[in-house]
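Chemist: Supplied in structure tokens, the structure appears directly below.
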Amino acid sequence: MKAKVIMAGTILFLASILTSTAQDHKDYIWSYNGGKKEHTLGLYAGINSSYTRMMDKDAGWLGYRAGLVLDKRWVVGVGGDALWYDYALTELAENGTYHLQAGYQGIFVEYLQPIGSRVKIGFSILSGQGLVKYEYDKDFRKDKPWFEEIIDQSTFQVFEPGIEIQARIGGNWWLGLHGTYRNTSPVELLETSECVFRTLNGGITLKYGIF
């Protein structure tokens, strides 16, 4: 957890100098001469949305990624996703309705392969931890003590490889199409498949960065 906080703080610090350096460096915000070659440091931050199928219903994930870009090729950063599964469920409740909620975050590594000056292909792997729970809807939590508001809860590990094709749409803005496969440890939740999150996902990404 401390490593994630430190990395996120570093990214936020570099973001604060992004605007002041953007006019001077188109593809990096800092560089140094390493002897045989010049090394560069870039930065990007983006949001993404993905569509998937889960328990025979449409579902989505909303997420973010932010990373440091080394030599315009290698990215190290933090990312996470939150589940959108807006269905009122009743199977596990004697009365009332509840929702499935889930999210995860972790550290990712990405390799960027340029195709011309305006298109890049990214190959990434994210590793992290998530939390999933069945929680009563607000109207049915009013008269319950806090320890009865959640029907069941569990944690899980995530290992998610992915690929993304991204194109510069203007200035430092990029638009991408991505696909991932979310592999997780068994999800131990009442009346729920342990493989519930192990699915293919596809969606779009919008990011801002100099890299």
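Chemist: Looking only at residues that are in contact with a strand residue (DSSP E or B) (Cβ under 7 Å, 6 or more places away or on another chain) and of a type in the set (D, E, K, R) in the range 177-210, which one is most open to solvent (accessible area, probe 1.4 Å)?
Modeler: GLU188
Chemist: What is the one condition in (1) out of contact with any Phe, Trp or Tyr (no Cβ under 7 Å at 6 or more places or on another chain); (2) in a strand (DSSP E or B) that ASP81 does not satisfy?
Modeler: (1) is the only condition that ASP81 fails.
Chemist: Now a separate question. Kindly indicate which of TRP146, TRP174 is buried (at least 18 other Cβ atoms within 10 Å of the Cβ), more than 14 Å from TYR104 (Cβ to Cβ) and not acidic (Asp, Glu). Break it down into steps so the answer makes sense when it comes.
Modeler: Values: TRP146 fails: buried (at least 18 other Cβ atoms within 10 Å of the Cβ).
Exactly one of TRP146, TRP174 is buried (at least 18 other Cβ atoms within 10 Å of the Cβ), more than 14 Å from TYR104 (Cβ to Cβ) and not acidic (Asp, Glu), namely TRP174.
Chemist: Can you tell which of GLY96, GLY116 is at pLDDT below 95, more than 22 Å from PRO161 (Cα to Cα) and touching a helix residue (DSSP H, G or I) at 6+ places or on another chain (Cβ under 6 Å)?
Modeler: None of the others qualify; the one that does is GLY96.
Chemist: Suppose the filter is part of a strand (DSSP E or B), touching a helix residue (DSSP H, G or I) at 6+ places or on another chain (Cβ under 6 Å) and either touching a residue at least 40 places away in the same chain (Cβ under 8 Å) or over 22 Å from GLY130 (Cα atoms) (or both); does ALA45 pass it?
Modeler: no
Chemist: Something else about it: Given the criterion among the acidic types (Asp, Glu), in contact (Cβ under 8 Å) with a residue 40 or more places away in the chain and open to solvent by 10 Å² or more (accessible area, probe 1.4 Å), identify the matching residue among ASP71, ASP58, ASP27.
Modeler: Testing whether each residue is among the acidic types (Asp, Glu), in contact (Cβ under 8 Å) with a residue 40 or more places away in the chain and open to solvent by 10 Å² or more (accessible area, probe 1.4 Å) leaves just ASP27.
Chemist: While we're here: Could you run through the range 150-169 and say how many residues are open to solvent by 20 Å² or more (accessible area, probe 1.4 Å) and more than 23 Å from GLN129 (Cα to Cα)?
Modeler: 4
Chemist: Could I ask something else about it? Search the range 173-201 for residues that are under 20 Å from GLY162 (Cα atoms) and pair each with any residue that is outside any strand (DSSP E or B) and open to solvent by 50 Å² or more (accessible area, probe 1.4 Å) when their beta-carbon atoms are under 7 Å apart and the residues are at least 6 apart or on different chains.
Modeler: Sorted first by the residue in the range 173-201, then by its partner, the pairs are ARG182/ARG198; ASN183/ARG198; THR184/ARG198; VAL196/MET55.
Chemist: Looking only at the range 81-91, filter to residues that are of a type in the set (Asp, Glu) and closer than 13 Å to ALA59 by Cβ; which one of those is least open to solvent (accessible area, probe 1.4 Å)? Give the derivation first.
Modeler: Going through the range 81-91, the residues of a type in the set (Asp, Glu) turn out to be 81, 86, 91.
Within this subset, residues satisfying the condition of being closer than 13 Å to ALA59 by Cβ are 81, 86.
Working: ASP81: 21, ASP86: 96 Å².
Among those residues, the one meeting the criterion is ASP81.
Chemist: I've got another one for you. Look through the range 92-110, keep the residues that are open to solvent by 20 Å² or more (accessible area, probe 1.4 Å) and touching a residue at least 60 places away in the same chain (Cβ under 8 Å), and return whichever of them is farthest from the chain's Cα centre (by Cα).
Modeler: Only one residue tops the list, namely LEU92.
Chemist: So which residues in the range 130-143 are surrounded by 15 or more Cβ atoms within 10 Å (Cβ to Cβ), at pLDDT 95 or above and not aromatic (Phe, Trp, Tyr), if there are any at all?
Modeler: Of everything in the range 130-143, those that are surrounded by 15 or more Cβ atoms within 10 Å (Cβ to Cβ), at pLDDT 95 or above and not aromatic (Phe, Trp, Tyr) turn out to be GLY130, VAL132, LYS133, GLU135.
The values are calculated or read from the model by the stated rules, or taken from the named source; none is laboratory data. Please read these numbers as outputs of a predicted model, since none were measured by experiment. Glycine gets a Cβ as well: all are built from the backbone with ideal geometry, and neighbour counts include every protein chain shown. Calculation scope for accessible area: heavy atoms of the full protein, side chains included, ligands and nucleic acids excluded. Shrake-Rupley method; radii C 1.70, N 1.55, O 1.52, S 1.80 Å.
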